[in-house]
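A.B. asks: Here it is, the structure, as structure tokens.
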Amino acid sequence: MSEYVIRQARPEDLDSIIKVNRENLPENYPPFFFKMHMEYYPKAFYVAEASGKIVGYVMCRVERGSLYTRFKPWGRQGHIISIAVYPEMRRKGIGTALMKAAIKSLREEYNVDEIYLEVRVSNNPAISLYKKLGFKVVRTIRGYYRDGEDAYVMARPAEIQQ
């Protein structure tokens, strides 16, 4: 199962996306949250599929504000809300491919000025991936996660090339 495709998520993928979330992340959202983002921001909601099975996803939305480009405080921000890949499918480029698809879509389809996300301060593999994609730590949120762990907020301008 090393071959995969990245494609836009479809409504029939929701159960599989929720399963990936529940089995791989301590932060879980109710089903309506996934459905809402798929309806409102369908062009920035992607899945990775391998052998007919959903093995990862990235879910995004568009907001107003600015973290990185402070000169444009009311700009459009792409928020990468959640990304997950099954452990056996990691280190194959799937996370990178999902992120690149989301970034491209947020920039081209939703015309955002910057993109940001939150990540556990202990999640070194994810932090490394995000840095390779041009994200920088812009602040720390103390006790962000339910278990009390801090989060880095990482951001980047939308227009930089990967």
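The values are calculated or read from the model by the stated rules, or taken from the named source; none is laboratory data. Values in this document were obtained by computation on a predicted structure and should not be read as measured data. Don't worry about glycine lacking a Cβ; one is built from the backbone with ideal geometry, like all the others, and counts go over all protein chains shown.
A.B. asks: Which of the residues that make up segment 2-34 are farther than 25 Å from residue 158 by Cα, in contact with a helix residue (DSSP H, G or I) (Cβ under 8 Å, 6 or more places away or on another chain) and part of a helix (DSSP H, G or I)?
C.D. replies: 11, 14, 17, 18, 21, 24, 31
A.B. asks: Next question, about the same structure. How many residues does segment 44-54 contain that are of a type outside the set (A, V, I, L, M) and over 13 Å from the mean Cα position of the chain (by Cα)?
C.D. replies: 4
A.B. asks: Right, another one. Starting from residues that are of a type in the set (S, T, N, Q) and touching a Leu at 6+ places or on another chain (Cβ under 8 Å), keep the ones in segment 75-122 and report whichever is modelled with the lowest pLDDT.
C.D. replies: 77
A.B. asks: Tell me the strands (runs of 3 or more DSSP E) entirely within segment 52-162 that contain at least 2 residues that are surrounded by fewer than 16 Cβ atoms within 10 Å (Cβ to Cβ) and of a type outside the set (Lys, Arg).
C.D. replies: On the way: elements: 53-64, 76-85, 114-120, 136-141, 151-157.
In segment 52-162, the matching strands (runs of 3 or more DSSP E) lie at 136-141.
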